[in-house]
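Nothing in this text is a laboratory measurement; each read-out follows from the coordinates by a stated rule. Source: prediction; values computed, not measured. Note: ideal-geometry Cβ built from the backbone for every residue, glycine included; neighbour counts use all protein chains shown.
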Amino acid sequence: MTKIELRSLDLEEMEALMREINEPPFRAKQLAQWIHQKGVESLGQIGNFSQNLKNKLGEYSKITVLKLVKKQVSRDGTEKFLFGLEDGNFLECVLMRYRGTKSKQRNTLCVSSQVGCAMGCGFCATGLSGFQRNLTAGEILSQVYTVNNYLKDDNEIIGNVVYMGMGEPMANFANVLKSIRLLNAPYGQNIGIRRITLSTCGIVPKIIELADMDLDLVLAVSLHAPTDNLRSQIMPINNKYPLKELKKACLYYNQKTGRRITFEYALIEGFNDAKQHAKELAHYLRRLFCHVNLIPVNPVVTEKYQRPDQKKIKEFLAVLTDGGIEVSIREERGTDILAACGQLRGKVVE
Ligand code: SAH
Ligand code: SF4
């Protein structure tokens, strides 16, 4: 019998589990708190359950744990975790610590939603390494719980979660949504929904679905090029959902939710970084309630994609600003340990 993964269950499902083993429903609430709030790593750590109940639970269920294979710390303090999964696959997640004056710092964790990615974007290390499988909701959440357990020693906590690690979240939408709801649950981490960001390469029907759900999260869309011709060269998904359709879906998202969309644009030297491209981008973004995040492309396995120099980046930014577009340049973090955008591969490399 395959055991049920407790970290993938919400409160209702835990209630059903308790019914099945003839336990009162209040036990489910307690279990949910142990699993999703305290992040226990074994049933043995549950304080207020009898040994008998723990044994019963153990027959039916288990707690997914991530095995730390490697932790790297960047010059800028960014930490990258390589975790081993039960089936021998690996995943990576990235912790960005923000030092301030508050006693409990709100750190950001960038989580993976899949092992690898099937979308095949040419500039992305995850895309270049192919697709292995979807992560379960419990495996997605385990990244947060495990890192939070480390942070407890420093009296720190994860306050923001961004789905920008390995994988395309909208290609594993059900598990991703479940993990988001559980992060937000009061019996779990209680992370405000507006502190959660989902980044997608532009799976149009899922953007529409998300708009209809009225989830107040932050939506980021990886755009990276202002014309179909250019975008299709680096993002195969554009052949399926070209820019015109993507814009329609984004407008719908704006209208339906009243929320601003972040567009990510990786600046690649000699490819999409000319003033003309900036003008085309400003034109494309007309009528959209949005913000543009420029990311000077990070070096990945191939030499093909280089970042433009500062002057070029500033010029690009100026054209957008003049066009009335809100824009910022993403602060670079963790490039020295291959922890920056698009550099995650989930492989053990020496
Ligand atoms: N699959 C999702 C989320 C993960 S990638 C998506 O594509 O949106 C997170 C962000 O990093 C995306 O905007 C992605 O396009 C970008 N990215 C990928 N490779 C990059 C690289 N080499 N340099 C800079 N950004 C990159
Ligand atoms: Fe997948 Fe996103 Fe990388 Fe594209 S950029 S290959 S969608 S992870």
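Listing for the model above:
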{"read-out": "Whole-Å distance, taken between Cα centres, linking the range 41-119 and the range 146-185", "value": "9"}
{"read-out": "In nm, spacing of pseudo-spin labels at Lys29 and Ile193 (7 Å Cα→C-beta vector)", "value": "2.3"}
{"read-out": "The range 13-163: C-alpha gyration tensor shape, a/c 1.5 cut-off, then a/b vs b/c", "value": "oblate"}
{"read-out": "Residue exposure sequence - Lys311, Lys247 - by fewest surrounding Cβ within 10 Å", "value": "Lys311, Lys247"}
{"read-out": "Calculated [θ] (222 nm, deg cm²/dmol) that DSSP helices of n ≥ 4 give over the chain, each run adding -39,500 (n - 2.57)", "value": "-10000 deg cm²/dmol"}
{"read-out": "Interatomic Cα distance distribution for the range 4-62, bins of 5 angstrom, percent", "value": "4, 21, 37, 31, 7"}
{"read-out": "Gln51/Lys71 FRET efficiency (R0 30 Å; Cβ-Cβ; nearest 0.05)", "value": "0.30"}
{"read-out": "Equivalent-ellipsoid semi-axes of the range 111-166, from the Cα gyration tensor, Å, largest first", "value": "27, 12, 8"}
{"read-out": "Where trypsin sites (Lys or Arg not before Pro) fall in DSSP loop in the range 102-152, at most 13 other Cβ within 10 Å", "value": "Lys102, Lys104"}
{"read-out": "Compactness index (Cα Rg / 2.2 N^0.38 Å), the range 188-301", "value": "1.09"}
{"read-out": "Proximal aspartates and glutamates relative to Lys38, as straight alpha-carbon distance under 15 Å, when same-chain residues fewer than 8 apart are discounted", "value": "Asp10, Asp153, Glu156"}
{"read-out": "Unpartnered cysteines - no second Cys beta carbon under 4.7 Å - across the chain", "value": "Cys93, Cys110, Cys117, Cys201, Cys250, Cys290, Cys341"}
{"read-out": "Pair Ile157, Asn229: separation of 7 Å Cα→Cβ label points (nm)", "value": "5.3"}
{"read-out": "Unit charges at the beta carbon, dipole of the chain: most positive-side option, His224, Met14, Tyr241", "value": "His224"}
{"read-out": "The range 190-255 and the range 1-25: distance between their alpha carbon centers, rounded to Å", "value": "34"}
{"read-out": "Stokes-Einstein diffusion coefficient of the chain, Kirkwood radius over Cα pairs, 37 °C, 0.692 mPa s, in µm²/s", "value": "155"}
{"read-out": "Extension reserve of the Ile208-Glu41 stretch, reckoned as 0.36 nm per residue once the Cα distance is removed", "value": "56.4 nm"}
